[in-house]
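The values are calculated or read from the model by the stated rules, or taken from the named source; none is laboratory data. Keep in mind the model is a prediction, meaning the values are calculated, not measured. Glycine gets a Cβ as well: all are built from the backbone with ideal geometry, and neighbour counts include every protein chain shown. Keep in mind that these areas ignore ligands, DNA and RNA; they rest on the heavy atoms of the full protein, side chains included. Shrake-Rupley method; radii C 1.70, N 1.55, O 1.52, S 1.80 Å.
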Amino acid sequence: MQIYRHGPFRLESGTTLPDLQIAYHTYGRLNARRDNVVWVCHALTANSDVADWWPHTVEEGRFLDPADRFVVCANILGSHYGTTGPLSIDPATGEPWYGTFPACTIRDMTAAHRVLAEALGIDRIAALIGSSVGGFQAVEWAVEEPARFDRLVLIATAAKASPWTIAIDQTQRMAIEADASFGERRPDAGMRGMAAARALGLLTYRGSLGYNLTQQDREEAPAQHRAATYQQYQGEKLCRRYNAYSYYAILNAFDTHDVGRGRGGVAAALGRIEAQTLLVGITSDIVFTPAEMRELQGLIPGSRYEEIDSPFGHDGFLVEHEQLNRILYPFLHTVQP
């Protein structure tokens, strides 16, 4: 992991962060023509280490092969993994921000990506890839700076947060708020609430097909149901690596996503995209359904749609790496007309 330190950073709200720190990873090398950059935008609680959270992608023969690609991924604003967020120090108090961390948006996250790209001397980006919340960032950036990108890959995502996805986020926020410790100025505040929020979120990420396939009880009368212990385990697992303040802040940022805001609406905004665009849906995804992905494809000029067949719902893009590579490798490696 590398760290870039920037000065004051103005947020979309008008508030200015006194300083901005951005954590990022790179893989491979920038070639002499500087035309082999692939920028990956990560999802909700992931980090900038793509090889860590996206299995079998940053490998030989894969679409993020570091032998011929210079892969960049920046940790998002508000996250727990090195970029400025709620556990960062507020210079005005000398203590972590915690719940007073300024509200940020998806546009703020992409603005921070632009800051890093400029610091790294990256003008043109061969491909911009984003899935889920990472797709929010990718589509926003492609609309904001259409001339910067040659290709765009949007996986299981949207151009605007829907009432359904906002309701999912609100339910998770309610779980965090129900923890009496949330709001206390300590890094482990709200952990029980975040564990419950994560368990709720997983229901939408996997859906009934995924759970019924993998969490069947193996005994006739188990002491504890496998699905129940899985929910507990996943909540505790997130608590070991994340904090409730960052989780809450990013859920809030998720809900601000609307590429059409201030641009004449979603259709007008998407019409600005110049990159050759590929959209990838997942057959069982109930967060961003295939029908919604096809509708999004219809609004991006010259784009096309492919689909992953998976019982693992929204998480299919993390699980079905062979299918994903068969779709993305040709798209990213063929000569652009």
Restrict the check to region 67-74 and report whether at least one residue is closer than 24 Å to TYR329 by Cβ and of a type in the set (Asp, Glu). yes
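Would you check if GLN215 is open to solvent by less than 60 Å² (accessible area, probe 1.4 Å), modelled with pLDDT under 95 and more than 23 Å from TRP164 (Cβ to Cβ)?
yes
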If you check every pair at least six apart or on different chains, which have Cβ atoms under 8 Å apart with a residue in region 242-267 that is more than 23 Å from ILE89 (Cα to Cα) first and a residue that is among the aromatic types (Phe, Trp, Tyr) second? PHE254/PHE136; HIS257/PHE136
Output the number of residues of region 14-41 satisfying the condition of being in contact with a Leu (Cβ under 9 Å, 6 or more places away or on another chain) and either open to solvent by 60 Å² or more (accessible area, probe 1.4 Å) or within 17 Å of ARG148 (Cα to Cα) (or both). 7
Those residues of region 155-180 that are under 14 Å from LEU200 (Cβ atoms), without any contact (Cβ under 8 Å) to a residue 40 or more places away in the chain and of a type in the set (A, V, I, L, M) come to a total of 4
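For every residue, the table says whether it meets (1) open to solvent by 10 Å² or more (accessible area, probe 1.4 Å); (2) of a type outside the set (Ser, Thr, Tyr); (3) at pLDDT 95 or above; (4) not in a strand (DSSP E or B).
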{"residue": "PHE63", "(1), (2), (3), (4)": "no, yes, yes, yes"}
{"residue": "VAL71", "(1), (2), (3), (4)": "no, yes, yes, no"}
{"residue": "TYR81", "(1), (2), (3), (4)": "yes, no, yes, yes"}
{"residue": "GLY85", "(1), (2), (3), (4)": "no, yes, yes, yes"}
{"residue": "ARG107", "(1), (2), (3), (4)": "yes, yes, yes, yes"}
{"residue": "ALA112", "(1), (2), (3), (4)": "no, yes, yes, yes"}
{"residue": "PHE136", "(1), (2), (3), (4)": "no, yes, yes, yes"}
Hits in region 79-96 - residues which are touching a residue at least 60 places away in the same chain (Cβ under 8 Å) and farther than 17 Å from ARG5 by Cβ: HIS80, PRO86, ALA92, GLU95, PRO96
Do any residues in region 198-209 that are within 12 Å of GLY313 (Cβ to Cβ) and open to solvent by 40 Å² or more (accessible area, probe 1.4 Å) have Cβ atoms under 8 Å from those of residues that are of a type outside the set (Phe, Trp, Tyr) and at pLDDT 90 or above, where the two are at least six apart or on different chains, and which pairs are they? ARG206/GLY313; ARG206/HIS314; ARG206/ASP315; LEU209/SER284; LEU209/PRO311; LEU209/GLY313
